[in-house]
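First up is the structure itself, then whatever we jot down about it.
Computed from the coordinates by the stated procedures, all read-outs in this text should not be read as laboratory data. Keep in mind that what you see is a predicted model, and the values were worked out from it rather than measured. Glycine also receives a Cβ, built like all others from the backbone with ideal geometry; neighbour counts cover every protein chain displayed.
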Amino acid sequence: MKVAVIGSGFTGLGAALGLLFKGHKITVIEATSLPGGLAGGFKDHNWSWSLEHHYHHLFGTDSLALELGRRVGCPINFYSVNSSTLYKHKFHRFDNPVALLSFPLLSFTDKLRTGAVLAFFKIWPFWHIFEGVTSDFLLNKLMGKKAFDILWRPLFEKKFHSFWSQISAVWFWARIKFRTQALAYPEGGFLQLAEKTVTYLKNNGVKFEFNSPVTSLNKTSDGFQVTTANGAQVFDRVISTLPVSVTQKIARFYSCSSQMNHLGAVNLVLELKNPLLPNGIYWLNINDSDLPFLAVVEHTNFIDSGHYGQKPLVYVGNYLPAGHQYFSLTADQLLQKYLPGLKKINPDFSTDWVSKSWIFKAAYAQSIVTVNFKDQLPPMVTSTPGFFVANIQQVYPHDRGINYSLKLGYRVASLVNNSEMQYES
């Protein structure tokens, strides 16, 4: 059976891995020149490792991603990091129980309540009970208003904008449940992991077509005709890993009633002459409303700067609604917008520190996970036999990430394999 996988992000790569050794002829079709999707990266001329367009790391619970590294020969190593919060222009470490107990802005009772809730989420596996409840309601009830207003509300507001009070408690549960203090990173970067996965798949007979955006997908009497700038091919089965709205544009036969909102991402990446964050902070949540970004991530406080020409590398990250003015800016223009905020983080910072800058934008980066979100999900098995969809929205109840993209790819591959068995019977 000939199977096309549209998209070579980690969902598409997972689908190809799940289809492998089942007797299929698999072709992965990718619009860009490199694999990895949202975890894709780039390499400057004096770097030995690549850097992601949008910051990425793995957790100790990401078993599928860790296993993939072993399978394709890309070692993944663990590192201890400092994750902190900026509140009222002061840095507060907030990534372990000791840090919580020493957090100066909450009473001892607030700390106990907050710690108890986080510990409960860590051990509680039954996410369905949170389906009809918002994070706003649940966290206010359990942790108390002061803890919520200081620790969580600013992040919800910055990340989800006008949707912040509608976000399901399932989304927050998943953020706590599966995260670990120690973080992991593949040697060479996530682009290296993706490229080694492509090599592994190619060595086992999978065909890849890069620089081949799909212009149309049509149902025919003998399968599906997939047309790219390089020509047309017919396949027996097709998996689209593109967002639903994009899939509908190329596959007119595909109808989907799910109309879920989403946010895009704009990431400014800076190569600096000096470190930006104090105390070796890797991840800094921005809980101050007067700073116009969500997080500052100093990658080289996580991964040694020796892989990047001995220069500090910093992400300034934002999730933004479609049409936001920042999507139209250049890296230099966005740096000017962010400059006052960056100086509040480090008063010595100036544009003279910046030796290089890049800007990366993604239209589909974060689903708006509202209550009863599972009822809004598009089915992977569509009403057109042989056509399947698997995209970032469907990793629910998990949050987006490489591990769960792989899991989704494996799931959709099993559905394709099962459909072939039903066809043969």
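Remarks
- Ignoring lysines fewer than eight residues from residue 196 along the same chain, the ones with Cα atoms less than 29 angstrom from its Cα are 2, 22, 25, 43, 207, 311, 356, 361, 407.
- Kyte-Doolittle at least -0.5, axis length at least 18 Å by Cα - qualifying DSSP helices, the chain: 108-123, 190-203, 331-345, 402-424
- Karplus-based coupling profile of the stretch 384-390, in residue order and whole Hz: 9, x, x, 10, 10, 10, 8, with θ = phi - 60° in 6.51 cos²θ - 1.76 cosθ + 1.60 and x standing for Gly or Pro.
- Net lengthening on full extension, residue 363/residue 42 (0.36 nm per residue, minus Cα-Cα): 113.7 nm
- Contour minus Cα-Cα distance for residue 324 and residue 336 (0.36 nm per residue): 2.7 nm
- Within a straight-line Cα-Cα reach of under 16 Å, residue 146 can be paired with the following aspartates and glutamates, leaving aside sequence neighbours fewer than 8 residues apart in one chain: 110, 136, 157, 288.
- Magnitude of the charge dipole for the stretch 23-163, about its Cα centre and with charges confined to Cβ atoms of Lys, Arg (+1) and Asp, Glu (-1), is about 420 debye.
- When only alpha carbons are used to place a centre, the stretch 132-196 and the stretch 2-33 end up 30 Å from one another.
- When Rg and the Kirkwood radius Rh are both evaluated on Cα atoms of the stretch 96-177, their ratio Rg/Rh stands at 0.95.
- Antiparallel DSSP beta bridges within the chain, as percent of all bridges there, nearest 5: 70
- Theoretical ellipticity at 222 nm over the chain - DSSP helices of four or more residues, -39500 (n - 2.57) apiece, nearest 500: -9000 deg cm²/dmol
- Comparing 366, 317, 112 along the charge dipole axis of the chain, the residue lying farthest to the positive side is 112, per the Cβ-charge model.
- Tensor-based shape of the chain (alpha-carbon gyration tensor, a/c under 1.5 rounded, otherwise prolate or oblate): prolate
- Potential lengthening of the chain between residue 32 and residue 89 amounts to 16.5 nm, from the contour at 0.36 nm per residue minus the alpha-carbon distance.
- Computed FRET value (nearest 0.05) for residue 126 with residue 180, which takes r as the C-beta separation and R₀ as 25 Å: 0.75
- Prolate/oblate/rounded label for the stretch 264-399 (Cα gyration tensor, a/c 1.5): prolate
- For residue 144, nonlocal amide neighbours, meaning residues 5 or more places apart or on other chains whose placed amide H falls under 5 Å from its own, do not occur.
- Applying 1/(1 + (r/R0)^6) with R0 = 22 Å to the Cβ-Cβ distance of residue 383 and residue 249 gives a FRET efficiency near 0.80.
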